[in-house]
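The values are calculated or read from the model by the stated rules, or taken from the named source; none is laboratory data. Just so it is clear, the model here is predicted, and its values are computed rather than measured. Backbone-built Cβ (ideal geometry, glycine too); neighbour counts: all protein chains shown.
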């Protein structure tokens, strides 16, 4: 059994430059670009949010806008024409791990933003949570 190349790789996208750099790394690790699976996780809206109360914002419109934003960011690079894009809602680390398991991914490639100390305690670590919950290896890219 060969360690590389992989058939299915998940790349979490948070619109940071490191997350798109992780996509470039992941592209080198898959047989075919169709094996790349991008996921962006949005927070669950509070029912008291003005957009929810006035019914101007819903999950479907948020999903559409996030997908469109990812597609626009990738539009200039034909290397990513056949990637799949998933928009999830909830806890990012948990959603990333569950998505990878659902599609039977062989690897997750993601950056670590390198937060330490109080920032890590207050914000948590999406990467750390994904590593703890993932059913497959997680390649963590340091900045």
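Among residues of region 71-89 that are touching a residue at least 24 places away in the same chain (Cβ under 8 Å), those with a beta-carbon under 6 Å from a residue that is surrounded by fewer than 18 Cβ atoms within 10 Å (Cβ to Cβ) and in a strand (DSSP E or B) at least six positions away or on a different chain give the pairs 89/42. Sub-6 Å Cβ pairs linking a first residue in region 123-143 that is more than 22 Å from residue 43 (Cβ to Cβ) to a second residue that is part of a loop (DSSP other than H, G, I, E, B) and at pLDDT below 95, at least 6 apart or interchain, are 140/112; 142/112; 143/114, ordered by first then second residue.
Scanning region 33-63 for residues that are at pLDDT 90 or above and either out of contact with any strand residue (DSSP E or B) (no Cβ under 9 Å at 6 or more places or on another chain) or surrounded by fewer than 12 Cβ atoms within 10 Å (Cβ to Cβ) (or both) yields 33, 43, 44, 60, 61.
Count of region 6-18 residues, restricted to those that are touching a strand residue (DSSP E or B) at 6+ places or on another chain (Cβ under 6 Å) and either at pLDDT below 95 or within 15 Å of residue 74 (Cβ to Cβ) (or both), is 5.
Kindly indicate whether any position in region 107-119 is modelled with pLDDT of 95 or more, out of contact with any helix residue (DSSP H, G or I) (no Cβ under 7 Å at 6 or more places or on another chain) and under 17 Å from residue 40 (Cα atoms). Yes, the conditions are met somewhere in region 107-119. Looking only at residues of region 120-136 that are within 21 Å of residue 21 (Cβ to Cβ) and modelled with pLDDT of 95 or more, we find that the one that is surrounded by the fewest Cβ atoms within 10 Å (Cβ to Cβ) is 136.
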